[in-house]
Amino acid sequence: MATSSVTATGFSSSFHGSWGSSINGEDYYTMVTKTKPNHVRFGNPLRSGPMMGNVNEGKGLFAPLVVITRNIVGKKRFNQLRGKAIALHSQVITEFCKSIGADQKQRQGLIRLAKKNGERLGFLA
């Protein structure tokens with residue numbers, strides 16, 4: 001990187017080339033050839049399947065308890081119980097919003113917040 005400074009006698013710089021050589025000539029040709037892509041790819045990018053799941057899988061305060069319970073009860077029954085618990089919690093949030101006079105948008109925000117907190121605490125592990 002070129003450095004420059006202002007002195008009492010004028011402007012001095014450590015740049016020792018010319019602007020013309022960096023735009024014309026070999027430097028320009030080198031710059032253009034380096035910016036061209038070596039290959040062009042068509043089609044869809046490769047993907048490794050659907051990205052469903054919890055980013056905090058196995059993390060959180062309650063994650064070990066959730067995993068042990070899922071292993072004891074079985075995955076199918078565990079998911080049924082979890083679905084019922086989530087539905088019940090959503091109903092509680094809805095009733096709370098009705099009692100304080102919150103609108104639909106605020107209710108949805110509270111349900112999203114509850115989901116994020118559940119992920120962080122490990123309930124969705």
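The values are calculated or read from the model by the stated rules, or taken from the named source; none is laboratory data. What you are looking at is a predicted structure, and each value in this text was computed from that prediction instead of being measured. We place every Cβ from the backbone using ideal geometry, glycine too, and count neighbours over all the protein chains shown. These area figures cover heavy atoms from the full protein model, side chains too; ligands, DNA and RNA do not enter into them. Shrake-Rupley method; radii C 1.70, N 1.55, O 1.52, S 1.80 Å.
Listed values, structure above:
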{"quantity": "Probe 1.4 Å, all protein chains present, accessible-area order of V73, V92, V66, largest first", "calculated": "V92, V73, V66"}
{"quantity": "Added length on full extension, which subtracts the Cα-Cα distance from 0.36 nm per residue, F96 to K115", "calculated": "5.2 nm"}
{"quantity": "Cα-projected label distance for D103 with F78, points at 7 Å along beta-carbon direction, nm", "calculated": "4.1"}
{"quantity": "Integer Hz, Karplus 6.51/-1.76/1.60 couplings in order for region 76-83, x for Gly and Pro", "calculated": "5, 5, 4, 5, 5, 5, 5, x"}
